[in-house]
1. Tell me the angle of helix 506-520 to the major Cα principal axis of the chain, expressed in degrees between 0 and 90 and rounded to the nearest ten.
2. On C-alpha positions alone, give me the angle between the axis of helix 134-156 and the longest principal axis of the chain, in degrees, nearest 10.
3. Hey, got the Cα dimensions of the range 167-224 along the principal axes, in Å, largest first?
4. With Cβ to Cβ distances under 13 Å as the rule, what net charge do the other residues near Leu266 carry (K, R +1; D, E -1)?
5. Please work out how much length the chain gains when fully extended from Glu508 to Ile345, using 0.36 nm per residue of separation minus the C-alpha to C-alpha distance, in nm with one decimal.
6. Kindly rank 252-265, 555-568, 312-325 from highest to lowest mean number of other beta carbons found within 10 Å of each residue.
7. Taking Cα atoms, how many degrees apart are the long axis of helix 243-262 and the longest axis of the chain, rounded to 10 and kept between 0 and 90?
8. From Cα pairs below 8 angstrom and at least 6 apart in sequence, can you work out the relative contact order of the range 16-125, rounded to a whole percent?
Amino acid sequence: MRSHYCGQLNETLVDHDVTLCGWVHRRRDHGGVIFLDMRDREGVAQVVVDPDTPNAFEQADKARSEYVLRIKGRIRLRPEGTQNSNMPTGLIEVLAHDVEVLNAAATPPFQLDEHGKVGEETRLKYRYIDLRRPEMIERFKLRSRITHSVRAYLEGNDFLDVETPILTRATPEGARDYLVPSRTHGGQFFALPQSPQLFKQLLMVSGFDRYYQIAKCFRDEDLRADRQPEFTQIDLEASFVDENDIMGLTEEMIRQLFSDVLDVTLPAFPQMTYADAMRRFGSDKPDLRIPLELVDVDDLLKHVDFKVFSGPANDENGRVTALRVPNGAKLTRKEIDEYTKFVGIYGARGLAYIKVNDRASGLEGLQSPIVKFMENVVGDVLDRVGAEDGDIVFFGADTAKIVSEALGALRVKLGEDLELYTSEWAPLWVVDFPMFEREDSGRLSALHHPFTAPSCSADELKAAPEKALSRAYDMVLNGTELGGGSIRIHNQDMQRAVFEVLGIGEEEATEKFGFLLDALQFGAPPHGGLAFGLDRLVMLMTGGRTIRDVIAFPKTQSAACMMTDAPGDVSAQQLKELNIRLKAKASE
């Protein structure tokens, strides 16, 4: 029906006849002449309809915003003084000789130009309208280019695209599964996969050697800006590799991707241990664009007459740390109070600080309600953090977990609020993660997943599980985890040892993972892999603020679809076929 996209027209096509199909972006009447800005996925072109073509003029006169039209006409240069340098098609226009209304449109619920401001709830309810916005179309065109680049790179490196099941069985991977009742096996359930983890490992046992998939994954968990109940992973696995092989290959893939799609050359990818990341930045995904670091001062504050500091300083599970903010003494009391509320979100019970007005004046040059409790050591503390005149130093004192989370988050917020970024892109690898972490219940859980290989023997693992490090690695960019992976367990005895540490008994292991344990005894090769969050990657590369901006039909924060009103009720007959009886509706 069309010969060209609107956004493809330019001055090289002057005097050519074209046929355009699209939506009316804007309609204007100027002195008896009708101007239509026609829009499609490639852009906007100006169409002029003169009264000299009465049939075309009559149809154009009916058209309103978002009407669907087909227009035939000839391209000409715009008259002198009417060119629009802000439009790629701003030097030309189409003089229409035929206008056909393919479909009328009701008044849209919000404007689609840059002046239209609308809440996210309305945008999600009318997502098919929201996706017409040029900004949204550009994001999804870039998403398509990203997946094309990734596929080309992986297939160029001998990876095979293999699909794994969507209906599988529930496995413990850190979040709740979405369960699907089986009609043919009454009372039993499938689970939607949280990742293709076990199947890609089985592909390695099968001898596929190099696998990849752009895979849909599902997790029934509380949502955040970078979480959705269904999301997309760039998933890959390879045999006969070690950590350096996987990290080198995927780092090159991301470098090439940024070069191909954004014309950006990423800086070096430094490696940092998990322990260093937590100590220096309070996070296992530090944003290295921000030149602020946490500095531990526990040893200096063990004997101060201030239990808020001395208590955690003398507790093996406590931490006292300082965060120096250059030129931060200009922060007002109101702003400091706001930051105090902010760290409270992470469990911190307060936010102590010292404003360094004039170090040469000793205690007189310091402004703080806590200096009187640490007069003998305040100089040492300021020396350790490198404090200078005009700085402010914030303190965190509590359990190590609370201090790391609160001060780590404060560091990121200060970086954003005070515009402290030193670069546009800051990638890194975080390595040497602990194998396990202790839950509030006292039980150990896998920090990544229970199929990650430890860097020690099975006997050493069982003897001191909390000291064991894993062969895991995370790629981080600008404070966002782009992807996580590991070398996997390929030995049945080691896998059983990990299950034992996690409190998974022989019977439970056989019930849930018998197929994997069986496979590991039939010549499983050493293997490892990595999974990238495609939605997070696209969000970063497009400058979006949440992954909802780069998912065509996302869910809300409550895991609901505003457009289709899902989830919804099902009929009594459907429930009967599935052997399910509801006790009561959720609303009751």
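Throughout, read-outs are computed from the coordinates displayed, never taken from laboratory work. Not measured: the values here are computed from a predicted model. Every residue, glycine as well, gets a Cβ built from its backbone with ideal geometry; the counts of neighbours run over all protein chains shown.
1. That helix lies at roughly 70 degrees to the long axis.
2. That helix lies at roughly 60 degrees to the long axis.
3. Dimensions of the range 167-224 along the principal axes of its Cα atoms: 37, 36, 18 Å.
4. On the way: positive: Arg255, Arg289; negative: Glu251, Glu252, Asp260, Asp263, Glu424.
That works out to -3.
5. Details: separation 163, 0.36 × 163 = 58.68 nm, distance 3.78 nm.
Contour length minus Cα-Cα distance gives 54.9 nm.
6. Values: 252-265: 16.0, 555-568: 13.5, 312-325: 19.7.
Put in order of decreasing packing, that is 312-325, 252-265, 555-568.
7. With rounding to tens, the tilt is 30 degrees.
8. Numbers: 217 pairs, mean separation 29.7, N = 110.
Relative contact order here is 27 percent.
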